[in-house]
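Student: Shown below is the structure under consideration.
The values are calculated or read from the model by the stated rules, or taken from the named source; none is laboratory data. As the structure is a computational prediction, the values presented were derived from the model and not from experiment. We place every Cβ from the backbone using ideal geometry, glycine too, and count neighbours over all the protein chains shown. Heads up: the accessible areas ignore ligands, DNA and RNA and are worked out on the full protein's heavy atoms, side chains in. Shrake-Rupley method; radii C 1.70, N 1.55, O 1.52, S 1.80 Å.
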Amino acid sequence: MSKLGQLGARLHHGEVGYDFVKNRKIWYGISILITITAIVGLAVRGLHMGIEFQGGAVFTTPKNMSASVAQTETWAEDASGHDAIVQKLGDGSLRIQIAGTDTQQSDRIKEDLSEKLDVPAEKINADLVGPSWGDQIANKAWQGLGIFMVLVVIYLAIAFEWRMALAAFVALIHDITITVGIYALVGFEVTPGTVIGLLTILGYSLYDTVVVFDSLKEQTKDITKQTRWTYAEIANRSINSTLVRSINTTVVALLPVAGLLFIGGGVLGAGMLNDISLSLFVGLAAGAYSSIFIATPLVADLKEAEPQMKALKKRVLAKRAQGAAKGEQAPAAADEAPYADDEGDDAAAAVVGPRTQPTSRGRGRGRPSGKRR
């Protein structure tokens, strides 16, 4: 077994672990700082909306053009008086986008480009894009996002509980805000591909969160019948037991997206790939972070505010203090069973996690764990 596999098995069985929930205030602070930075960037710089949302003209030249992208961009901006985006396509043709132009301006720009590029005007294809189409896409995206959020909250509230639904909702808003803010800071163009990417990351973000929540729901069954573990401690165990799975799925998803973003968009200059790849890359990374550092610790905070969980925590701490006074060792996070039923020393361990083992130290080695025959 590989070292990562061994680590995953040890995390899954609670033999090792990191206290994510205990340090939740640090993660909350980091997330708030990143979110504020994203909001400030969005407010100051704004989003660089693509031609589909602003309206304008798109010019496509013949194949195998010798003019450089930078030079063509300068000519297009001089001819139109607006910012221009030039992309060199795979067949050597140039795609020139100029926002905020109408039909008359388009004809004049086309003649000017024909002269500068030394290409007959009739060989330059010009398409006008109206802003109404982009508005329709944006409205549909907002509607889809709203419906998705409502359905997610309803599903999680039914499948788990409303606290988990609220935590997942906060994590999703966190991921979307950071992704949109980075778009504003980086200055990438927002196109329909960007909208598709933003909607796609919601599912990835929710996946890791639901995996942890499912483990947490299983491990906290009948939690109030024991006095060994608090809710926050079991929540932390749930994060650790699914940590390697979350890392593996995130890395596997990020590798092809990173190839699109850094190789396709950066090295090869295929700028159109940046539209969707940046939103996917940032969203996937933010989603993995929020499921571990935001959603589950937030659920622990919400649950431990309940009277039952407050009472449980007092009982757990009181029992540990009593054990410490008697010189007994307090249960560690790496104990084989997260908690045991306290009806008696010989009671069976409550089902928490993948394994169920008796925790009584009073039995002899040769005695079976079941009833006497």
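Student: Could you figure out which of (1) among the β-branched types (Val, Ile, Thr); (2) without any contact (Cβ under 8 Å) to a residue 60 or more places away in the chain; (3) open to solvent by 30 Å² or more (accessible area, probe 1.4 Å) isn't true of VAL152?
Tutor: Of everything listed in (1) among the β-branched types (Val, Ile, Thr); (2) without any contact (Cβ under 8 Å) to a residue 60 or more places away in the chain; (3) open to solvent by 30 Å² or more (accessible area, probe 1.4 Å), VAL152 misses just condition (3).
Student: Examine the range 129-138 for a residue that is closer than 21 Å to LEU199 by Cβ, among the acidic types (Asp, Glu) and in a helix (DSSP H, G or I), and state whether such a residue exists.
Tutor: Within the range 129-138 (the criterion being closer than 21 Å to LEU199 by Cβ, among the acidic types (Asp, Glu) and in a helix (DSSP H, G or I)), the answer is yes, since at least one residue qualifies.
Student: Within the range 160-168, can one find any residue that is over 18 Å from LEU298 (Cα atoms) and out of contact with any strand residue (DSSP E or B) (no Cβ under 6 Å at 6 or more places or on another chain)?
Tutor: No, there is no match, as no residue in the range 160-168 is over 18 Å from LEU298 (Cα atoms) and out of contact with any strand residue (DSSP E or B) (no Cβ under 6 Å at 6 or more places or on another chain).
Student: Oh, and also: Answer with yes or no whether GLY41 is closer than 27 Å to VAL282 by Cβ, at pLDDT 85 or above and crowded, with 18+ Cβ neighbours inside 10 Å.
Tutor: yes
Student: OK, next. Say whether the condition of being modelled with pLDDT under 85, under 34 Å from the mean Cα position of the chain (by Cα) and either crowded, with 16+ Cβ neighbours inside 10 Å or not hydrophobic (A, V, I, L, M, F, W, C) (or both) is met by at least one residue in the range 109-128.
Tutor: no
Student: With the condition kept exactly as written, say whether any residue in the range 326-337 is at pLDDT 50 or above, farther than 23 Å from ASN240 by Cα and either basic (Lys, Arg) or part of a helix (DSSP H, G or I) (or both).
Tutor: yes
Student: Let me ask something additional. With over 19 Å from the mean Cα position of the chain (by Cα), crowded, with 21+ Cβ neighbours inside 10 Å, among the hydrophobic types (A, V, I, L, M, F, W, C) and not in a loop (DSSP other than H, G, I, E, B) as the only criterion, which of LEU216, LEU206 stands out?
Tutor: Just a single option satisfies the conditions, and that option is LEU216.
Student: Are there any pairs, at least 6 apart or on different chains, whose C-beta atoms fall under 8 Å, with the first in the range 60-84 and in contact (Cβ under 8 Å) with a residue 40 or more places away in the chain and over 11 Å from LEU117 (Cβ atoms) and the second open to solvent by 60 Å² or more (accessible area, probe 1.4 Å) and not aromatic (Phe, Trp, Tyr), and if so, which?
Tutor: If the second residue must be open to solvent by 60 Å² or more (accessible area, probe 1.4 Å) and not aromatic (Phe, Trp, Tyr), the pairs left are THR60/ARG95; THR60/ASN125; THR60/ASP127; VAL69/LYS88.
Student: Suppose we filter the range 87-106 for residues that are assigned to a helix (DSSP H, G or I) and either in contact (Cβ under 8 Å) with a residue 12 or more places away in the chain or buried (at least 16 other Cβ atoms within 10 Å of the Cβ) (or both); how many remain?
Tutor: Residues that pass the stated criteria total 3.
Student: A further question on this structure: Give the residue, chosen from VAL267, VAL252, VAL299, VAL282, that is out of contact with any His (no Cβ under 8 Å at 6 or more places or on another chain) and modelled with pLDDT under 85.
Tutor: Among VAL267, VAL252, VAL299, VAL282, only VAL267 is out of contact with any His (no Cβ under 8 Å at 6 or more places or on another chain) and modelled with pLDDT under 85.
Student: Pairs, please: C-beta under 9 Å, at least 6 apart or cross-chain, first residue more than 10 Å from THR209 (Cβ to Cβ) and without any contact (Cβ under 8 Å) to a residue 24 or more places away in the chain and in the range 158-176, second open to solvent by 30 Å² or more (accessible area, probe 1.4 Å) and among the aromatic types (Phe, Trp, Tyr)?
Tutor: ALA165/TYR155
Student: Would you call ASN125 closer than 27 Å to ASN274 by Cα and either in contact (Cβ under 8 Å) with a residue 24 or more places away in the chain or hydrophobic (A, V, I, L, M, F, W, C) (or both)?
Tutor: yes
Student: For the range 175-192, which positions are open to solvent by 20 Å² or more (accessible area, probe 1.4 Å) and either in a helix (DSSP H, G or I) or within 17 Å of ALA253 (Cβ to Cβ) (or both)?
Tutor: Scanning the range 175-192 gives ILE176, THR177, VAL180, ILE182, LEU185, VAL186, PRO192.
Student: Follow-up. Among the numbered criteria (1) farther than 23 Å from GLN54 by Cα; (2) among the β-branched types (Val, Ile, Thr); (3) part of a helix (DSSP H, G or I); (4) open to solvent by less than 30 Å² (accessible area, probe 1.4 Å), which single criterion is violated by THR72?
Tutor: Going through the list (1) farther than 23 Å from GLN54 by Cα; (2) among the β-branched types (Val, Ile, Thr); (3) part of a helix (DSSP H, G or I); (4) open to solvent by less than 30 Å² (accessible area, probe 1.4 Å), THR72 breaks only (1).
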